Every structure is written in structure tokens, then in C-alpha cells.
């Protein structure tokens, strides 16, 4: 028996008045209500669909689609399934989003920097670009580019010929399509090896410069390794056995060119529209980021003898990136989601193929809309997570 | 604290009530009563197809499908202007009907088995027998659809056209490039701009769209008809009474033409001795009442829009710019397919 006498516990307030218990109780009630509402909505929808004799479920993804799509990155025909059509649309969306993000970033950075140029004409031109482009609805711009692209290009019979095997007309750009032989893997392996070697060289050069202050010709070495090595292997293979990469050239047909590789005008118009529109916003973000870096940084860099370009590349932009990355992420997400406007110019993206044709042929609106929303959500969350990771790397390290 | 619980309970109640209402609204059996209550008929129509459903600059709708909608409105309200129109793109039309946004879909829609069975729709008849054709530029020198190997073809997505096209080229072992757009407007504009070698839709649509081309005489319609397209009105499945109203309005229009009852002579015809006319116009029997309407429902329809022949003539036939021959759409006793179920 312990001789220590414990102080009597303070009189417990009523169980109902305990803030912790109450807090938990509210949360439980909320979860039950939310889950209940979702469950009721779902069962209600299923019952109503059954009552209205509308087919439901995801079985339709295995049925034959029966329609064709012009631009397919994977083999697809009218005898493929709806699930395959979904993949075709998804890949087309990812294609235009990827090209758009890269081009819009490059163009946006150029315009943003140009707006801050000391050259009056360059700065004004960039200002006019930003103000005109970001103040016009994207839909109008897409239609403009589509009609502009189509009207300014000749008919197939009067194609513009570049060299002997590049053709341009209002059905698109036609170019030779590489046909790969079996031993092409050696060229691929050489490319991988070249990239790896270039990375190692760049890291070494960076360390060397940090240690001794002597710069190395990184760009030239990278070009040599990444391009030169695969070309060498290719040439060696071509001389030793047969050419591992041959080309399928476009040839004139009755209506249009046949064979080769075709870039459709819908893709060009959509990429142009999305790039030019998003670049205007990125330009403003870049300008804001650069202006956020104090002027003293530039002056100090000049005082150290760095040239204007080096100052921008090595001192200003790395610091500006901390301000730029978060809003830039939003622009990437916007671009991806805006690509769904493809439907007005006939580009077969996910919305056009899946929410348009597939939804209409199967009549399964709820399933198609749900899948499409899930896809956009996944793409957006993936992009956002990557950019957040990148942002965390670039953020100021606080100690 | 009590007030918080009260708020929560209220929120819950409202939420549940909302879901409950949604359930009762979606499975309603009484479309006709709803329409009578709200005082007008909501029709799903084309976004703009001359001859079938197109609004003018003042927003007045004209067309064969539009007149069918007016006929149903006249049967219910004795006033053909009690019809309102919701323009629908091909890919949106079934969702609009399923969700109850429109009461009836009369929008040059092909009657197919999958649509009739899996989409929760009921087709009530065929108001226009059509088939799919192609239009090309004259200067291409193409005389037959069989010569279209390698062509790019503009079409509207979410249509039977899109599927027939794939079937036809597959069956004839030909290649093509399809460019699909959401609305007929965008589709034709792309063809007219030169994006495609050929434009395809129902033959009636080809003649109608050609009028919109920058130079209509530069285009020809190829002779092949590659499909059967029975176009007709559709309603939601599960309301037999409402399906009957739309179905028998169609039969009244055909029967009236067959018996020679027109917008102009319908009042004199009320005195006719012909028993068929007496039954049609409600002088004998009470057929209108059996579907929830009045005895004189047919008189209302014919006074409102005329008979099938009159509707055809002023919208797509000789009295219109389209000048389409009756062809398959002539009455059965004049070499066509239009054959009404008798009203008796």
C-alpha cells in the first residue's frame, strides 16, 4: 500500500460537455452523413437506371466500338473495343498536353524575359502579345488557328514540297516514317549509354568548376555523346550488315499522300492554340518571378564580372524559380484540362472520343463521365505531385 | 448546442429530401400530366438542319421535325405554338431525353435496336425514311462512293453515320481518314474549308447542308445510299401513355393525308359521311380520350399543322428550297413506305 495520498481528481465535467468527446461525435456524425448521402445517391442512380431500362455497368468497355479514329498512337480499328478507343483518346490527350507544356514553357519564358528587356521594341512587343492573347477566350483562338491553318495551306494536289519527301497540305504534314529492323536495339543502347555518359561528364565538370574554377565544354560534349554515339553505331551497323532504320516515304495517291507519317492539322491547331494562350500566362508568372529577385543580386553579379546572360541564367532565374514554380503548376494543369476543348476542332482527344462518340453509342453517360473525370483528376494530381516535389527541391532551405 | 444539432438535422433532412425527390422525378409515369401542368411541350430538336429543324434570326423554328413537335403540342393544348425547342447536338440528344430535359426527341434520329433497347428510349414511328450518302467536290472527278479509297471524310460524331461509314469502308476493303466533329455546323464548315474530300450524312441532310456551301454548285451528291436510316421521334421508356400520344399523332398525320383531310378543309370534313374520316376527326368514337386527350384531338392537330403531305411539302418538298421528292416517304398507295396503322 502506498502511503502517498493522491490529490483528488478534479470533478469531471459531464461527459456530454467534454470538448474532445463532442469533437469526435461531430466528426462521426459528419462521416456517417456524407457516406450515407453518397451511398443513397449511388443506389438511387442504379435503381433509376434499371427502372428506365438504361444499360449500366462497365461491361461495354469490352464490346466492339464500330467507329474509326483518325489519329491513333496505338493500333486501332473499328473492330477494336470501346476500352481500346478510350486508350486511344487518353494517349491523344497526353500527347497534346505534353507537347503543349514543353512549348508553352519555352515560349512563356522567352516572352516573360522579353517583357523586361531594356530594348523598347522587344519589351512593347512582348507586352502587346501578353495583353492580346490572355484577354481573348481560348475557344475563339482555337477556332481561329484551325481555320487559319486550314485556309492558309494548299489542297493535297498542290502540296508544298520540302526536299523530296516532306509534303505540307491542308490534310497535314507528311514525312518519312522510320521503319525499325530487329537489330535497332543496338542504336537504342548506344543512345542510353550516350545519355548516361553525358550525365556523368556534366556532374564531373560541375565538381571541377567548383574546385578549380575552370569551366568545361559541357554542351559540346553532351551533343557529341548523345547524338554522336548512336549515329556511329548506326553507321557501323549499316556498313557491316543492313541499315537498321529504313524509311517509309509518303507517295502521291488519288486524293492525298499515302504512307509515311502524318501530323494532322487538328493536332497542329490545338497545340498552337494551347501553347500560345498558356505562354501568355506563363510569361507574366516569369516576369513576376524575376522582379521578385532583388536588383542588388543582378548588380552584385555584374560586379563579379558575370555577363548579362550568365547573370540571368546563374543568379536571377534560380532564385526566381522559387516564386515561379507554384503558379506554373497551375498553368500546366490548366493546359491539360483546356485540351478538352479539342472537341470543337475535331481533334480526337479523350473527351471527343470517349465522352462524345462512346457515350453516345452506348448511352452510358454516368460511367463515361465518371471515367473521364477520374482520368483528368489522375493526370492533374500526378502533375501537381511532380511539381510539388520539384518545388520542394528548389525551395529555400531553411535551417 | 441544440441549435447546432438543429442545423445538422435540417441539413440532413434537406439532403435526403433532395435525393427522394430526384428518385420520384426520374421514374415519373405521367409525362402527359406534367406537360399539361407546366403548360408547354419541351422538344429536343436539331441545332440547325434546314428542312428538319432550324431557327431563323428571330428564333422561330421551322422544319419537318419541328412541325411534328407542334402537332403533338396542338393535340394536347389545341395550340401548336405551345411547343418549345431545345437545340441538341447529336452526341447530347439521348442524355437530354433520358434525364428529362426534353419531353420528346424529334431530331432526325435513326431508329436502331441498341437505341431502342439499351438507351432507355422508345421510338414511336418513322416520320422520314432516309439513307446515308456522300457529297464531294465536282472537280475531284469522283462519280461513285466506291472511288473514295484514301479519302478524308468529315462526319458528325455520335451518329449512326459514323458507324455506317466504318462498316462501308471495311466491307469494301477501302481506307479512309475520318474527321469527326461535335455539331453539324462544325462538320460542314470543315468540309467547306477543304479539310475533307467528302462529307457524309443522311441524304436529306446532304441536300440541306449543300445550300450552306460557299458555292453550292461546286458539290455533287454521289448516287450510292449506303444505309437504311428510319428517322423518327423517341420518348423515354416506361410511360406507355405518352408514347401512345406521340405514336398516334404520327398516324393521324398520315391518315389525314390518305383521306384528303387538310388544314384548309378540316372543318368541312367534320360533316363528311365517310366513317374513316368520322373516326379520325372524333365525330364517331372517343379515341382521343383513350390516350388522355380530347375527342377532337385530330382536328386540333390538322388545324395546327396540316397533314403529313402538307408538312413534307412546305419543309422539304416542292414548296421548299430543298425540293426533295417524296420517294420512300410517299404514302403506301402512291409507291412509298408511309403506311399508317388505322384509327379504329
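Remarks
- Taking the listed residues B:278, B:263, B:334, the one that is surrounded by fewer than 22 Cβ atoms within 10 Å (Cβ to Cβ) and touching a residue at least 24 places away in the same chain (Cβ under 8 Å) is B:263, with no other qualifying.
- Test: residue in region A:84-93 that is under 26 Å from residue B:173 (Cβ atoms) and assigned to a loop (DSSP other than H, G, I, E, B): no
- Only a single item in (1) more than 14 Å from every other protein chain (Cβ to nearest Cβ); (2) in contact (Cβ under 8 Å) with a residue 60 or more places away in the chain is not met by residue A:301, and it is number (2).
- Residue ID - farthest from residue B:218 (Cα to Cα), chosen from residues in region B:170-204 that are without any contact (Cβ under 8 Å) to a residue 12 or more places away in the chain and either buried (at least 21 other Cβ atoms within 10 Å of the Cβ) or at the interface with chain A (Cβ under 10 Å from one of its Cβ atoms) (or both): B:170
Yes/no matrix, rows are residues, columns are (1) in a helix (DSSP H, G or I); (2) closer than 25 Å to residue A:382 by Cβ; (3) within 17 Å of the chain's Cα centre (by Cα):
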residue	(1), (2), (3)
A:290	yes, no, no
A:296	yes, no, no
A:306	no, no, no
A:313	yes, no, no
A:340	yes, yes, yes
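- Test: residue in region A:85-96 that is in contact with a strand residue (DSSP E or B) (Cβ under 6 Å, 6 or more places away or on another chain) and more than 30 Å from residue A:290 (Cβ to Cβ): no
- Members of region B:66-90 that are within 25 Å of residue A:53 (Cα to Cα) and crowded, with 24+ Cβ neighbours inside 10 Å: B:69, B:72, B:88, B:90
- Residue B:148 passes every criterion in (1) within 19 Å of residue B:203 (Cβ to Cβ); (2) within 9 Å of chain A (Cβ to nearest Cβ); (3) surrounded by fewer than 24 Cβ atoms within 10 Å (Cβ to Cβ) apart from (3).
- Residue within region A:242-260 that is within 14 Å of another protein chain (Cβ to nearest Cβ), surrounded by 14 or more Cβ atoms within 10 Å (Cβ to Cβ) and closer than 30 Å to residue A:331 by Cα present: no
- Whichever residue in region A:320-370 is out of contact with any helix residue (DSSP H, G or I) (no Cβ under 7 Å at 6 or more places or on another chain) and more than 13 Å from every other protein chain (Cβ to nearest Cβ) and, among such residues, is nearest to residue A:397 (Cα to Cα): A:330
- The set of residues in region A:286-321 being surrounded by 12 or more Cβ atoms within 10 Å (Cβ to Cβ) and more than 30 Å from residue A:332 (Cα to Cα) consists of A:300, A:301, A:302, A:306.
- Residues in region B:223-273 that are within 14 Å of chain A (Cβ to nearest Cβ) and within 30 Å of residue B:136 (Cα to Cα): B:227 only.
- Note on region A:153-236: enclosed strands (runs of 3 or more DSSP E) holding 2 or more residues that are over 30 Å from residue B:191 (Cβ atoms) are A:177-180.
- Any hit, region A:266-275, residues being over 30 Å from residue A:137 (Cβ atoms) and within 14 Å of chain B (Cβ to nearest Cβ): no
- Selected residue (criterion: nearest to the other protein chains (Cβ to nearest Cβ)) from residues of region B:157-169 that are touching a strand residue (DSSP E or B) at 6+ places or on another chain (Cβ under 7 Å) and free of Cβ contacts under 8 Å to residues at least 24 places away in the same chain: B:162
- Per-region count, region A:45-59, residues more than 10 Å from chain B (Cβ to nearest Cβ) and either in contact with a strand residue (DSSP E or B) (Cβ under 6 Å, 6 or more places away or on another chain) or assigned to a loop (DSSP other than H, G, I, E, B) (or both): 2
- Test: residue B:63 is under 20 Å from residue B:207 (Cβ atoms) and assigned by TED's automatic domain parsing to the domain that holds residue B:290: yes
Listed here are the residues, each with its yes/no results for (1) out of contact with any strand residue (DSSP E or B) (no Cβ under 9 Å at 6 or more places or on another chain); (2) in the same structural domain as residue B:306 (by TED's automatic domain parsing).
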{"position": "B:86", "(1), (2)": "no, yes"}
{"position": "B:91", "(1), (2)": "no, yes"}
{"position": "B:94", "(1), (2)": "no, yes"}
{"position": "B:111", "(1), (2)": "no, yes"}
{"position": "B:136", "(1), (2)": "no, no"}
{"position": "B:143", "(1), (2)": "no, no"}
{"position": "B:146", "(1), (2)": "yes, no"}
{"position": "B:151", "(1), (2)": "no, no"}
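- If you check B:169, B:199 for being more than 20 Å from the chain's Cα centre (by Cα) and not in a helix (DSSP H, G or I), only one passes: B:199.
- Residue within region A:249-256 that is in contact with a helix residue (DSSP H, G or I) (Cβ under 7 Å, 6 or more places away or on another chain) and outside any helix (DSSP H, G or I) present: yes
- Entry remark, region A:143-179: residues being in contact with a strand residue (DSSP E or B) (Cβ under 6 Å, 6 or more places away or on another chain), more than 13 Å from chain B (Cβ to nearest Cβ) and either touching a residue at least 40 places away in the same chain (Cβ under 8 Å) or surrounded by 13 or more Cβ atoms within 10 Å (Cβ to Cβ) (or both) number 9 in total.
- From B:134, B:123, residue being more than 8 Å from chain A (Cβ to nearest Cβ) and closer than 26 Å to residue A:364 by Cα: B:123
- So residue B:98, is it more than 10 Å from chain A (Cβ to nearest Cβ) and buried (at least 22 other Cβ atoms within 10 Å of the Cβ): no
- Residues in region B:172-194 that are part of a strand (DSSP E or B) and under 15 Å from residue B:226 (Cα atoms): none.
- Against the numbered list (1) surrounded by 15 or more Cβ atoms within 10 Å (Cβ to Cβ); (2) within 30 Å of residue A:277 (Cα to Cα); (3) within 14 Å of chain B (Cβ to nearest Cβ), residue A:139 comes up short only at (1).
- Within region A:60-71, being within 11 Å of another protein chain (Cβ to nearest Cβ), out of contact with any strand residue (DSSP E or B) (no Cβ under 6 Å at 6 or more places or on another chain) and without any contact (Cβ under 8 Å) to a residue 40 or more places away in the chain holds for one residue alone: A:64.
The values are calculated or read from the model by the stated rules, or taken from the named source; none is laboratory data. It should be emphasised that the depicted structure is a prediction, and the values quoted were computed from it without experimental measurement. With ideal geometry, Cβ positions are generated from the backbone for all residues, glycine too; neighbour counts draw on all protein chains shown.
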